[in-house]
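Okay, handing you the structure first.
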């Protein structure tokens, strides 16, 4: 089996030898963009290596309670190591179960997920393909319906999706009583079309809110990270100032 070096962030490391999905731009941007308050209870659906949970914990120095769901036994092993070796091991609870079989004990202030809804060309690795592509067992409607039921009043659902799925997301969210309040449109370069979108949704209020929309360009024309990207991720990347 190919060995992968742990990915080192400023305050924690992510071991990723077993998990199908390795540390990538999508999760780092989502984790950096999402908000959590001290004392919040959060849920990470499809935690993989645990990177999103770790990023949330860093924001509040472990002053939170985070449940992490992962059905892939290989990824669970990585997540266990990453949680135990982090500076905040006591704030994590890991559940090796699919979302359909999970019943929370209470509502969540934050739900976050980098879901497997990529409908483009599948990656060559079969294990990674299974983790990345939409399946009948884990769908966008299921994720939104679950979140609508278990979000606390004023709670936030954070997702990263391919940009072309934005309209589908909005329709499905409306159907289950969620509304988008923020979105960050991601472009790989200035001259490129958007390829990802980060979204924040809440339970739909009596009066619809206007959606706060911003844009982030990942790299400049020379291939370097833009200032906006560095500003968003500087609390995590080792080489960020």
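Rule-based calculations on the coordinates, nothing more; no lab input. Not measured: the values here are computed from a predicted model. Here the Cβ is made from the backbone with ideal geometry for all residues, glycine too, and neighbour counts use every protein chain on show.
So, by mean Cβ neighbours within 10 angstrom, what's the order for 219-225, 8-14, 97-103, 232-238 with the highest one leading? Before the final figure, lay out the partial values.
Details: 219-225: 10.9, 8-14: 17.4, 97-103: 12.7, 232-238: 15.9.
Listed from highest to lowest mean packing, they are 8-14, 232-238, 97-103, 219-225.
May I ask for the equivalent-ellipsoid semi-axes of the chain, computed as the square root of five times each C-alpha gyration tensor eigenvalue and listed largest first in whole Å?
Numbers: eigenvalues 113, 103, 74 Å².
Calculated on Cα positions only, the semi-axes equal 24, 23, 19 Å.
Okay, moving on. Return the single residue from 148, 90, 210 with maximal mean-square fluctuation; model: Gaussian network over the chain, springs between Cα atoms under 10 Å.
Result for the chain, Cα springs under 10 Å: 210 fluctuates most.
Would you mind pulling out the separation of the Cα centroids of the range 75-102 and the range 1-37, in Å?
Each part's Cα centre sits 14 Å from the other's.
Tell me the label-point distance for the pair residue 226, residue 192, using the 7 Å Cα-to-Cβ offset, in nm and rounded to one decimal.
Computed distance between label sites residue 226 and residue 192 equals 1.1 nm.
Mind checking which of 58, 183, 170 has the largest fluctuation in a GNM of the chain, springs on alpha carbons under 10 Å?
Result for the chain, Cα springs under 10 Å: 170 fluctuates most.
Mean-square fluctuation check for the chain, GNM, Cα pairs under 10 Å: which of 23, 76, 160 is largest?
Most flexible of the set in this elastic network: 23.
Give me the number: length gained by fully extending residue 100 to residue 10, i.e. 0.36 nm times residue separation minus the C-alpha to C-alpha distance, one decimal in nm. Could you put the intermediate results ahead of the total?
Numbers: separation 90, 0.36 × 90 = 32.40 nm, distance 3.46 nm.
Length gained, residue 100 through residue 10: 28.9 nm.
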